[in-house]
Amino acid sequence: MEDHNSGGRCAHCNCGKAEKKTAKDESVWIDTASLPEFPPLKGDQTFDVVVIGGGITGLTAALELVTAGKKVAVIEASKVGQGVTGYTTAHITSIIDTRFQDLLKRWGKTKAQLVATSSGAAVEKISQNVTTHAIACDFAHVPGYLYSERQEDRSLLEQEAVAAQQLGLAASFTEDVPLPFKTFGGVKFENQAQFHPLQYLHGLVAAITQAGGLIFEMTRVTDVQDGEPCIITTEHGKLQAAAVIMATHTPITKMLGMQSKVAAYHSYVVAVRPAPSEGVPGLFWDTDQPYHYWRTYTTSAGPLVIVGGEDHKTGKKSADPKECYERIKQYTCKRLAGQPMYQWSAQVFEPVDGLPYIGLAPRFEHVYLATGYAGNGITFGTVAGMMLPALILHGEHAWQALYKPTRISFSWGALKRQIEQAFDIMKNLLFERFRRAAKGDAVDVVPGEGKILSMDGAKIAIYKDAHGNVTKLSPICPHAGCIVQWNNAEKTWDCPCHGSRFTAEGAVINGPAIKALEVK
Ligand code: FES
């Protein structure tokens, strides 16, 4: 599984060490877990609740609902865990991307406290699920550290420790950050955790099915109608349900108001086999923008240090995904002696005001959504998995006002981000869509690459595989009409507007789009 060819000298940071050439293009979680398979939906059926999406949000919610006696179906477009959860780095943390100092300034002490309470409750919920359902997923409590490699960040870190303490977290400034390279102190947070995310999902799946819940894989939802009952149309039949949870990372179908309050970002990960002295005992995040994040995981072949960063907006024209992989490897290579064994990327949705949106979907009465987790997918996926069942079962939850999808933030930072997001979308729709592409044909595309070219006056997204087979597609995203961009590392077409992603042949990988790129 981890057999990589030996190569020449290190190409990442000129450190002079011998390099094993190829990191496996796969998430370590997907490579080291095997989940049970479930059949696609067959025909029409009726449930109390239909959960769309078999990741951490959907499965956590489904388990809560079946435990409460509800008849539940989980509908997954591909395989359980393989949408987004299988590509996280699975930091289980009550320390969210927004600094506690900023949370206090932006939201005030009561709301900031509620954020800390809810994210801490998510860590506790995962721990409880692991114990209650005897889930073997290498769950372990570890400390977390926010650290810096710059001396001038010391006062920021000291202030962050004070802000965290004000919110009741077990946090303290420390000079002693246990990383195998020089740092200038950090904030140590107790009681964080880590696990193997797909082994955890395996345990949730077992608990859901034992309690009578049904899971359907390879079943894409194509429409959701609110009502009594709600009607959920899929490729393989229609479902009726009293309530629907869209646990799809960002809501599928057109919810443009909601979808413009989050921006899709790509983040890059490399897993390195460290030298014996290179311990990384915990979760680590630095103060860079975008920040780097670290943790370890031990496979049957030995320990891995998993490092992520180099985030950029999905589909950004100036970003080169291959270079992003190279930069995260360079960054890691300068700090660890080990060899890259795996590399993968993930997509996150950044909310404009720093908090996720979890609750009833705008203008719907029985359809719930959860999105905008930023880099805290495991934490907020679990928060949503706790909150949404409570809203369905009891009509209320203590955190519902905080995470309400219809909230409007009047802070300057949130307004600025929302304007930037709207500007990027309009620029694509009005300029990119009608900008002329270079004239050309399939002969102008290198095997294994994709390119948007102008043919007979129309823009065509052309992909040529390694054997010379050509696929010609419309580059117009079926979600809302933006022009997709070629991702040269993942071999995908990515939409810069709301984060839809498509295979080189045009099939949907991630929504909000529910239809494939049109074949030309
Ligand atoms: Fe909205 Fe492409 S994802 S237009």
*Where the only charges are on Cβ atoms (+1 Lys, Arg; -1 Asp, Glu), what is the dipole of segment 351-419 about its Cα centre, to the nearest 20 debye?*
240
*Over all alpha-carbon pairs of segment 380-505, lay out the pair-distance distribution in 5 Å bins, whole %, shortest bin first.*
2, 10, 15, 14, 13, 11, 10, 9, 8, 6, 3, 1, 0
_Can you pull out the GluC sites (Glu not before Pro) in segment 305-394 whose DSSP state is coil and whose Cβ has at most 13 other Cβ atoms within 10 Å?_
GLU365
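Restricting to DSSP loop positions (anything but H, G, I, E, B) with no more than 11 other Cβ atoms inside 10 Å of their own Cβ, which chymotrypsin sites (Phe, Trp or Tyr not before Pro) remain in segment 290-349? The partial results should precede the final answer.
Working: sites: TYR291, TYR293, TRP294, TYR297, TYR325, TYR331, TYR342, TRP344, PHE349; in loops: TYR291.
Sites meeting the loop and neighbour criteria: none at all.
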*Could you give the spread of the C-alpha atoms of segment 451-498 along their three principal axes, from largest to smallest, in whole angstroms?*
33, 29, 13
_On a full-extension model of 0.36 nm per residue, what is the gain between LYS515 and LYS334, subtracting their alpha-carbon distance, rounded to one decimal in nm?_
60.9 nm
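For the chain, build the convex hull from the C-alpha positions and give me its volume per residue in Å³.
Working: hull volume 79.1 nm³, N = 520.
Given the Cα convex hull of the chain, per-residue volume reads 152 Å³.
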*Label points 7 Å out from Cα along the Cβ direction at GLN289 and ARG436: separation in nm?*
3.9
*How large is Rg/Rh for segment 149-196, to two decimals, with Cα atoms and a Kirkwood Rh?*
1.01
_Distance-filtered residues of segment 355-386 - backbone nitrogen under 12 Å, label point 7 angstrom along ALA68 Cα→Cβ_ = 385-386
*asked:* List the residues, sorted by chain then number, that are 5 or more residues from THR492 or on another chain and whose placed amide H is less than 5 Å from its amide H.
replied: ASN487
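Fully extended, how many nm does the chain gain between ALA211 and THR233 (0.36 nm per residue separation, minus their Cα-Cα distance)? If you can, show how the numbers build up before the last one.
Values: separation 22, 0.36 × 22 = 7.92 nm, distance 2.51 nm.
Length gained between ALA211 and THR233: 5.4 nm.
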*asked:* Can you compute 3J(HN,Hα) from phi for each residue in segment 102-115, using the Karplus curve 6.51 cos²θ - 1.76 cosθ + 1.60 with θ = phi - 60°, rounded to whole Hz and x for Gly and Pro?
replied: 6, 4, 4, 5, 7, 10, x, 5, 4, 6, 4, 4, 5, 4
*Given R₀ = 35 Å, FRET efficiency for GLU175-ARG327 by Cβ-Cβ distance, to 0.05?*
0.75
*Taking Cα atoms of segment 379-447, Rg/Rh with Kirkwood Rh, to two decimals?*
1.29
*In units of 2.2 N^0.38 Å, what is the alpha-carbon radius of gyration of segment 249-382?*
1.22
*Full-extension gain in nm, ASN469 to LYS427, via 0.36 nm per residue minus C-alpha separation*: 11.8 nm
*Stokes-Einstein at 10 °C, 1.306 mPa s, Kirkwood radius from Cα pairs: D for segment 123-263 in µm² s⁻¹?*
81
*Could you quote the convex hull projected area for segment 213-322, Cα atoms only and averaged over all directions, in nm²?*
11.9
*asked:* Compute for segment 19-158: radius of gyration divided by Kirkwood radius, i.e. Rg/Rh, restricted to C-alpha atoms, rounded to two decimals.
replied: 1.05
*Set of aspartates and glutamates near LYS42 by C-alpha distance (under 16 Å), chain-local residues within fewer than 8 positions excluded*: GLU76, GLU217, GLU235
*Going by the alpha-carbon gyration tensor, a ≥ b ≥ c the square roots of its eigenvalues, is segment 298-360 rounded (a/c under 1.5) or, if a/c is not under 1.5, prolate (a/b greater than b/c) versus oblate?*
oblate
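At a Förster distance of 60 Å, what's the computed FRET efficiency of ASP44 paired with SER155, Cβ-Cβ distance as r, to 0.05? Numbers along the way, then the final one.
Details: r = 62 Å, r/R0 = 1.03.
So the FRET efficiency works out to roughly 0.45.
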*If the limit is 20 Å between Cα atoms, which of LYS439/LYS520; LYS313/LYS491; LYS254/LYS520; LYS188/LYS416 go over it?*
LYS254/LYS520; LYS188/LYS416
_Label-point separation, ARG407 to HIS312 (7 Å along Cα→Cβ), nm_ = 3.2
_Two-site label geometry, THR298 and GLU26: point separation in nm, points 7 Å out along Cα→Cβ_ = 2.2
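DSSP loop (so not H, G, I, E, B), at most 10 other Cβ within 10 Å: list which trypsin sites (Lys or Arg not before Pro) in segment 113-209 pass both filters. Numbers along the way, then the final one.
Details: sites: LYS125, ARG150, ARG154, LYS182, LYS188; in loops: ARG150, LYS182.
Answer in residue order: LYS182.
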*asked:* Restricting to DSSP H runs of at least four residues, report the calculated mean residue ellipticity at 222 nm for the chain, -39500 (n - 2.57) per run over all residues, nearest 500 deg cm²/dmol.
replied: -8000 deg cm²/dmol
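Values quoted throughout were computed directly from the atomic coordinates according to the rules given, and no laboratory measurement underlies them. Everything numeric here is computed off the predicted structure, so don't read it as measured data. A quick note on method: Cβ atoms are made from the backbone with ideal geometry, for glycine too, and the neighbour counts reach across all protein chains shown.
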